[in-house]
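Enquirer: Let me give you the structure first, and then I'll get to my questions.
Values in this text are rule-based calculations from the coordinates and carry no lab data. In this text the structure is predicted, and so the values were computed from the model without any measurement. No Cβ is skipped: glycine too gets one built from the backbone with ideal geometry, and neighbour counts run over all protein chains shown.
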């Protein structure tokens, strides 16, 4: 039901949609949390390719850096979720994952230009509040 306007007592005009615009964007696309997108990484992706890409990206030390941390743990699955998640009530299940994430950060830190400023940090894939404080 559309409620009448409080000022005029008449219902608002029907909403109009640009169907061509809807058709244009009604296609699968990469998720904002995945860049480069996951299909770009395969077992055949050479390790050197990643190192070279980071080196090229580091050439401009004034370019801000964005970090993404995938934390795939939730107690329940949201009906709208498209992320790779681990559904569990056992909060200790994330401990090994977080340890490996720390190791990866140490490895990546060596590759990054220390003069670059971190401008954004994103946490996705699950519920960051799932993790216990240490």
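Enquirer: Tell me whether region 34-116 comes out rounded, prolate or oblate; compute the Cα gyration tensor, take square roots of the eigenvalues as a ≥ b ≥ c, and use a/c under 1.5 as the rounded threshold.
Expert: In terms of gyration-tensor shape, prolate.
Enquirer: What FRET efficiency would be calculated for the residue pair residue 129, residue 17, taking the C-beta separation as r and a Förster radius of 30 Å, to the nearest 0.05?
Expert: Rounded to the nearest 0.05, the efficiency is 0.20.
Enquirer: How high is the FRET efficiency from residue 101 to residue 79, r the C-beta distance, R0 25 Å, rounded to 0.05?
Expert: After rounding to 0.05, the efficiency reads 0.40.
Enquirer: Can you check what the Kirkwood hydrodynamic radius comes to for region 71-134, Cα pairs only, in Å to one decimal?
Expert: So the Kirkwood estimate lands at 13.5 Å.
Enquirer: At R0 = 30 Å, how high is the FRET efficiency between residue 88 and residue 111 if r is their beta carbon distance? Nearest 0.05 is fine.
Expert: The formula returns an efficiency of 0.40 here.
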